[in-house]
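Read through the structure below, which is laid out as structure tokens, and then see the notes.
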Amino acid sequence: MNGHPKSAVARAVGVILIVPMAACQQPTAEWVVAKAADAMSGAVEIEDLETLRIRTIFPDHDYPVINEFSRPDRLRTEGEDNYVLVFDGEEAAFLQRPPTEDGTPQGPELIDSAYLRDFELDIAFVFPAFFDHPTEYLGVESVDGVESHRLRVILPLGVPLTYFIDADTFLPLKVVADITVDGNEYHPIREFSDYKNAGGIVYAHTFTYSWVPDEVETATVQSVEVNVPLNDSRFAIPADLK
């Protein structure tokens, strides 16, 4: 497994241990991130988490989609209909694609760089970006009647995200992105629930997702594996595709 640079958690935990927030003080991003790290930690501390393998059932297919994540910026996605998609932190490619509807085979293909933001966004949905990227505190807001701390993160390729963290449990409730595609503005949302201790961390096992408000779908997480050995080759893009 590859190590990741010390994140906001390391800095925040240090602050929390030395200078706990007094009741009269304004919350800070570092304080909320540290509290969220504590809430999501189980047998494995968030700061020690290096990789995840997550199996999820989405409503549009009856087989699990497998996401393998290597912190902070590599992702491999595969499904039983013979597709494998990888992002190595700089480029993305289909390593395997299912045939077309008429049975025509499709070979590997490099993904246009214009779509790389989508991979960063997928990672931020799989694992909270505020653990690995600079974060701003935006104050408190109610989400479906639940008081929540708002954290703002701008991903390396420029997509801004707002996370809503339950002010009681400090578990993420929702994340909203702001993204422009072909001149149109979208606000994809993912809302998290059914948190369970699985694979060594506390992780949401149900989430809803949508790109437009009237098209909300629900997915179920089947399993979570933490710190599984993931060789660099799992995310490698063949040289002949570059």
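Miscellaneous remarks
- Farthest towards the positive end of the charge dipole of the chain, among the residues ALA236, PHE170, THR104, is the Cα of PHE170, using unit charges on the Cβ of Lys, Arg, Asp and Glu.
- The chain: Lys pairs at Cα distance under 30 angstrom, eight or more positions apart or on different chains: 6
- On a per residue basis, segment 83-131 carries 48 Å² of accessible surface, using protein heavy atoms and a 1.4 Å probe.
- Mean accessible surface per residue for segment 185-228, computed with a 1.4 Å probe while every protein chain stays in place, in Å²: 53
- In segment 84-242, a dipole from Cβ-located charges (positive for Lys and Arg, negative for Asp and Glu) runs towards its positive end, and of VAL216, ALA198, VAL84 it is ALA198 whose Cα lies farthest in that direction.
- If you sort TYR63, TYR163, TYR195 by accessible surface, 1.4 Å probe, largest first, the order is TYR195, TYR63, TYR163.
- The angle between the Cα long axis of helix 29-40 and the longest principal axis of the Cα atoms of the chain comes to about 70 degrees, rounded to the nearest 10.
- Cα centroid separation, segment 215-242 to segment 92-114 (Å): 17
- With every protein chain in place, the chain: carbon and sulfur % of accessible area (1.4 Å): 50
- Around THR77: net Lys/Arg minus Asp/Glu count, Cβ-Cβ under 9 Å: -2
- Largest to smallest accessible area among LYS35, LYS242, LYS196 [probe 1.4 Å]: LYS242, LYS196, LYS35
- Charge dipole of segment 195-242 (Cα centre as origin; +1 on each Lys and Arg Cβ, -1 on each Asp and Glu Cβ, all else neutral): 240 debye, rounded to the nearest 20.
- In Å², nearest 10: area of ILE154 left accessible to a 1.4 Å probe: 110
- Local charge for PHE170 was computed over the other residues whose Cβ lies under 12 Å away, with Lys and Arg +1 and Asp and Glu -1, and equals -3.
- Overall shape: oblate for segment 127-242, with the ratio a/c of the largest to smallest alpha carbon gyration tensor axis at 1.5 or above and b/c at least equal to a/b.
- Think of the chain as having a plus end and a minus end, set by charges on the Cβ of Lys, Arg, Asp and Glu; of PHE94, VAL65, GLY158, GLY158 sits farthest toward the positive end of this dipole.
- Net dipole in debye of segment 60-150 [+1 Lys, Arg Cβ; -1 Asp, Glu Cβ; about Cα centre; nearest 20]: 300
- Percent RCO, i.e. relative contact order, over segment 117-180, from Cα pairs under 8 Å lying at least 6 residues apart: 24
- Where SER41, SER233 fall by accessible area, highest first, once all protein chains stay in place (1.4 Å): SER233, SER41
- Listed residues ALA177, ALA37, ALA114, most fluctuating in the chain (Gaussian network, C-alpha, under 10 Å): ALA114
- As a length-normalised measure over Cα pairs under 8 Å and 6 or more apart, the relative contact order of the chain settles at 20 percent.
The values are calculated or read from the model by the stated rules, or taken from the named source; none is laboratory data. Keep in mind that what you see is a predicted model, and the values were worked out from it rather than measured. Please note: Cβ atoms are built from the backbone with ideal geometry, for glycine as well, and neighbour counts cover all protein chains shown. Please note that ligands, DNA and RNA were not included when accessible areas were found on the heavy atoms of the full protein model with its side chains. Shrake-Rupley method; radii C 1.70, N 1.55, O 1.52, S 1.80 Å.
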